[in-house]
Structure formats: structure tokens, C-alpha cells
1. Being under 18 Å from the mean Cα position of the chain (by Cα) and either outside any helix (DSSP H, G or I) or touching a residue at least 40 places away in the same chain (Cβ under 8 Å) (or both): is that true of residue 71 here?
2. Of all the residues that make up region 51-89, how many are touching a helix residue (DSSP H, G or I) at 6+ places or on another chain (Cβ under 9 Å), more than 29 Å from residue 116 (Cα to Cα) and surrounded by fewer than 15 Cβ atoms within 10 Å (Cβ to Cβ)?
3. Could you please let me know if residue 118 is modelled with pLDDT of 95 or more and either surrounded by 13 or more Cβ atoms within 10 Å (Cβ to Cβ) or at negative phi (or both)?
């Protein structure tokens, strides 16, 4: 049984290695630009969302997660950190904390969705 598991692991390692090698060779790097690329208009970056809007989004997502009983404490701490930094005038720190709060709130909602289905497979039949 151990030998069979080792054999499967070796085969998997070879497949992964092969994919990495072939994936790296699939398209050569090109340093030249085509005329279409040269003529394409510059795409303007989307305007940044304000820190206040990020905090509001994080709070809304956090509230949704609380309603599903999957809120993470790291989200509420990041929201508080963002508010404190913004009040102190440190917009960069506030933005970073607000973005983290949004990210963790979204992840907690994803976890709630996953768990809504996954628990069924854990129940003995």
C-alpha cells in the first residue's frame, strides 16, 4: 500500500514537472511590439475608490457575514484600524487596512457559502 502511494506520488510529480517545463516553452517572449499595439490608445487607470467607500464596503460585507454567522474578527479589527488611521490622517495605512477588511469579509462570505454545502458531506450516512 505504501509502495502504491509512493508510485502515485512519483507519477504526479512527473506530470507536474512536465507541465511546468512545457508551460514555460509554450510561447516565446517577444520584445517587439506590433503595429496594432503601437496604435492602440492608452488605457486610463480606473480612478481609485476612496478610503471612506472602502470602509463602507467592508462594513456592509462584514454585516452580511455576521448575518450568516461567519464573520471573522480580523475583519472588524481591520475596519477599526482603517477608521483610526483615517482619523489620524494616515490615508495609506487606512487604505491598506480597509482593503484587507474587504478582502477578509469577502473570504468569510465565501466560507459561509462553502460551508452551507460542505456540511452535508460530513454527516455519516
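1. yes
2. 5
3. No, not satisfied.
The values are calculated or read from the model by the stated rules, or taken from the named source; none is laboratory data. Since the structure is predicted, the reported quantities are computational estimates derived from the model, not experimental observations. FYI the Cβ positions are ideal-geometry reconstructions off the backbone, even for glycines, and counts take in every protein chain you see.
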